[in-house]
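The values are calculated or read from the model by the stated rules, or taken from the named source; none is laboratory data. Keep in mind it's a predicted model, so treat the numbers as computed, not measured. Quick reminder, even Gly has a Cβ in these numbers, built from the backbone with ideal geometry, and neighbours come from all protein chains shown. The protein model used for the area step is the full one, side chains on, heavy atoms only, and it has no ligands, DNA or RNA in it. Shrake-Rupley method; radii C 1.70, N 1.55, O 1.52, S 1.80 Å.
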Amino acid sequence: MTPPLPRSCPRLAPVDDAMATNQHRTQASGTLGTSAWLALAIATLSGCASLDGNGFSPLQPPPQVTTVPTRSPADGRADAAAPAGTTTLATPAAVPNAKDARDASTASVAAATAPGTPVPVQEGPLAPVPGITAPAAHAPTAAAAASDAGVDVAGPPSDPLEPEAPVQLDPATTHADLWARIRRGFGMPPLDSDLVREHERWYASRPDYVQRMTERGSRYLFHIVAEVERRKMPLELALLPFIESAFNPTAISTARASGMWQFMPGTGRDYDLKQNLFRDDRRDVLASTRAALDYLGRLHGMFGDWQLALAAYNWGEGNVKKALARNEKAGLPTDYASLSMPAETRHYVPKLLAVKHIVADPKAFGLSLPEVQNHPYFLSVPIQRDIDVALAARLAGLSVDEFRNLNPQHSKPVILAAGTPQVLLPFDNADRFVQQLKQHRGQFASWTAWVVPKTMRPAEAARQTGMSEATLREVNRIPPRMLVKAGSALLVPRSERRVADVPEALADNGQMALAPDLPPMRKVSLKARKGDTVASLARRYRVSPAQFAQWNQVGTSSALKAGQALVVYQPNKVKAKARAGAAPQRKVARPSSAAGPQAGSVAKRSRSNVKVARRADD
């Protein structure tokens, strides 16, 4: 009798008959006939038989197979360990005559597998034999499912400047001094000015300030230097954040310029720096550096001179053009030092050149610069899922402050993957983050975005989203006495009804619009009198100077001309007074005939007052 085949093996009648016929011959003579050898070969290739001491015997069902993600040259992901008691099998090598069956088998497995999960390794030591249906794939284990979830959340770390290249450190250059590399790249012409020497003395007298500034800049300098070199620009430009923001990526000026490169809101939008409820790309280390160098390159192409380009970066290209035109008209030189410009712009280039001279020879000024190694301080890690800032920092082994130093564009407690293609992490923490993310259990983001369906008070929005009003105001920075307008995006906790990641359109364009929570306002027109100012009129009408200036599109310190037409908005109290005066008068009783003519005349006057009040109320 033919021994039973494993359950996963099909029974092929011709082969089974040949094996049954030859089994007795094998036992009698110890040899196999041609048909038996053919049957054995087919059965062995399909993983259903082997030879033992007594000749042919069926194989036992294969052990449990665990799908293990392997390191791919394309993505660099590390192998995951298989659970104890299981056998890890590599995908079998392809054999030419098995292609059709393998393709069919792969298609059937892919159809039965959820998108994004790896295809389980097929059973048996070799690829499927043509004509034999592949066995059903094992369901992924819990460990494999968890690993898959991690793979979906983040990709392998990479250098932001060369994302396709493997991350490798060249020992010959890794420990070299980045300052020496910067010095070799200096290319701007000198400027013989007392202002340069003035700023050299200022920095030399503040060694603690220089130390803090250069230590902070050491996180970002390698990336900026590499980006400037890639564009073949002079490396003095890599020092520009020293004078713009002291390398503080969260710096904001009184004129609302923000970030390490100090972009104004409008200029930032011109260079594709998103500014919305969830992030401000003017603070993004990569995006703002790209935008700043794009802008500087454009200005250099416009003026043909780096000093004039820097003046335009600080003062505006239109103002520099006007200053050049004035000098040309007057027959004066048109170089940077000869232009008439504001004090800030006049000091701008001398300040940069003073920093250049200190970097070139710090000992000449009694200063020392911290060592900055010539390799990336940070790597870029792609993310595909929304993730809390606190969780990302913990998985990377960083404090939240350290994490925000490299990702300062995120002012909210969650990072939205649809609007943020990557996070930056220190070189030594990037791989740890990816590995810890694969092992993480539980949700990745506890916050999501909610679009306000109608204009409402923050208390009502908090009630609808299941959070306290205080938390809603704090997270979304809603000031007191303000309404949230319809269509605004708010950051709210995730719930059973809100589990999906935030879509790209909302992540890129979500804004919050507010309106004063005030009673209906009436417009009051007036004309300024001699001696009136914005401040005096604001006091007279009990509003803030800023609000009065906004209504009339003037500055808070602007001079007002006698007779100038102005407007102010006041609470509409006329209606309230009319209602308050009308209510008691409606209660006047109709006089009886016994009251006499005097009472009747009083009643008529009362009814007349009621009509007047009603007209005022309409």
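Take the conditions crowded, with 17+ Cβ neighbours inside 10 Å and touching a Phe, Trp or Tyr at 6+ places or on another chain (Cβ under 8 Å) and apply them to Val534. Does it pass?
Details: crowded, with 17+ Cβ neighbours inside 10 Å: yes; touching a Phe, Trp or Tyr at 6+ places or on another chain (Cβ under 8 Å): yes.
Yes.
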request  = Please go through segment 305-328 and pick out each residue that is of a type in the set (D, E, K, R) and more than 18 Å from Gly266 (Cα to Cα).
outcome  = Asp305, Lys321, Lys322, Arg326, Glu328
query = Quick check: is even one residue across segment 507-520 in contact with a Pro (Cβ under 6 Å, 6 or more places away or on another chain) and over 20 Å from Val153 (Cα atoms)?
reply = yes
ask   = Of the residues in segment 249-270, how many are surrounded by fewer than 18 Cβ atoms within 10 Å (Cβ to Cβ) and assigned to a loop (DSSP other than H, G, I, E, B)?
value = 6
Residues within segment 198-216 that are more than 12 Å from Val349 (Cα to Cα) and either among the polar types (S, T, N, Q) or touching a residue at least 40 places away in the same chain (Cβ under 8 Å) (or both), tallied = 11
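Of the residues Leu277, Leu286, only one is within 18 Å of the chain's Cα centre (by Cα), not in a helix (DSSP H, G or I) and not charged (D, E, K, R); which?
Working: Leu286 fails: not in a helix (DSSP H, G or I).
Matching residue, one of Leu277, Leu286: Leu277.
Would you check if there is a residue in segment 152-171 being modelled with pLDDT of 95 or more, of a type in the set (S, T, N, Q) and open to solvent by 40 Å² or more (accessible area, probe 1.4 Å)?
Taking segment 152-171 and keeping what is modelled with pLDDT of 95 or more, we get none.
No, every residue in segment 152-171 fails to be modelled with pLDDT of 95 or more, of a type in the set (S, T, N, Q) and open to solvent by 40 Å² or more (accessible area, probe 1.4 Å).
So, in segment 200-214, how many residues would count as being assigned to a helix (DSSP H, G or I), of a type outside the set (A, V, I, L, M, F, W, C) and either open to solvent by 100 Å² or more (accessible area, probe 1.4 Å) or farther than 15 Å from Ala360 by Cα (or both)? Working first, answer last.
Of segment 200-214, the ones assigned to a helix (DSSP H, G or I) are 200-204, 207-214.
Now narrow it down to the ones that are of a type outside the set (A, V, I, L, M, F, W, C): 200-201, 203, 207-209, 211-212, 214.
Of the ones still in play, those that are also either open to solvent by 100 Å² or more (accessible area, probe 1.4 Å) or farther than 15 Å from Ala360 by Cα (or both) are 201, 207-209, 211-212.
Counting residues in segment 200-214 that are assigned to a helix (DSSP H, G or I), of a type outside the set (A, V, I, L, M, F, W, C) and either open to solvent by 100 Å² or more (accessible area, probe 1.4 Å) or farther than 15 Å from Ala360 by Cα (or both) gives 6.
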inquiry  = Among (1) surrounded by 21 or more Cβ atoms within 10 Å (Cβ to Cβ); (2) in contact (Cβ under 8 Å) with a residue 12 or more places away in the chain; (3) in a helix (DSSP H, G or I), there is one condition Asn405 misses while meeting the rest; what is its number?
reply    = (1)
Selection status of Leu490, farther than 29 Å from Arg279 by Cα and either modelled with pLDDT of 95 or more or surrounded by 14 or more Cβ atoms within 10 Å (Cβ to Cβ) (or both) = no
task = Go over the candidates Ala309, Ala323 one by one and state the one that is buried (at least 16 other Cβ atoms within 10 Å of the Cβ), touching a helix residue (DSSP H, G or I) at 6+ places or on another chain (Cβ under 9 Å), farther than 24 Å from Arg183 by Cα and not aromatic (Phe, Trp, Tyr).
result = Ala323
query = Which numbered condition trips up Ala360, out of (1) open to solvent by less than 60 Å² (accessible area, probe 1.4 Å); (2) under 30 Å from Leu425 (Cβ atoms)?
reply = (2)
inquiry  = I'd like the full set of residues that are more than 10 Å from the chain's Cα centre (by Cα), among the aliphatic types (A, V, I, L, M) and within 30 Å of Leu490 (Cβ to Cβ), limited to segment 407-440.
reply    = Leu424, Leu425, Leu437
inquiry  = Tell me whether segment 333-344 contains one or more residues that are out of contact with any helix residue (DSSP H, G or I) (no Cβ under 7 Å at 6 or more places or on another chain), open to solvent by 40 Å² or more (accessible area, probe 1.4 Å), closer than 24 Å to Arg219 by Cβ and charged (D, E, K, R).
reply    = no
message = Kindly evaluate Ala449 against the criterion of being out of contact with any His (no Cβ under 6 Å at 6 or more places or on another chain) and outside any strand (DSSP E or B).
response = no
task = Return the pairs, sorted by first residue and then second, in which the second residue is modelled with pLDDT under 95 and loosely packed, with under 12 Cβ neighbours inside 10 Å, the first residue lies in segment 359-377 and is more than 22 Å from Ala226 (Cα to Cα), the beta carbons are less than 7 Å apart, and the residues are 6+ apart or on different chains.
result = none
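Considering only segment 232-239, I want to know if a residue exists there that is open to solvent by 10 Å² or more (accessible area, probe 1.4 Å), more than 25 Å from the chain's Cα centre (by Cα) and either under 20 Å from Ala364 (Cα atoms) or touching a residue at least 12 places away in the same chain (Cβ under 8 Å) (or both). Don't jump to the end; show me each part of the working.
We begin by selecting, within segment 232-239, every residue open to solvent by 10 Å² or more (accessible area, probe 1.4 Å); these are 232-234.
Cutting the leftovers down to more than 25 Å from the chain's Cα centre (by Cα) gives us 232-234.
Now narrow it down to the ones that are either under 20 Å from Ala364 (Cα atoms) or touching a residue at least 12 places away in the same chain (Cβ under 8 Å) (or both): 233-234.
Yes: segment 232-239 contains one or more residues that are open to solvent by 10 Å² or more (accessible area, probe 1.4 Å), more than 25 Å from the chain's Cα centre (by Cα) and either under 20 Å from Ala364 (Cα atoms) or touching a residue at least 12 places away in the same chain (Cβ under 8 Å) (or both).
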inquiry  = Only one of Asp388, Asp401 is among the acidic types (Asp, Glu) and under 25 Å from Val210 (Cβ atoms). Can you tell me which?
reply    = Asp401
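Quick check: is even one residue across segment 182-201 at positive phi and either modelled with pLDDT under 95 or β-branched (Val, Ile, Thr) (or both)? Before you say what the answer is, go through the steps one by one.
Residues of segment 182-201 that are at positive phi, as a first pass: none.
No.
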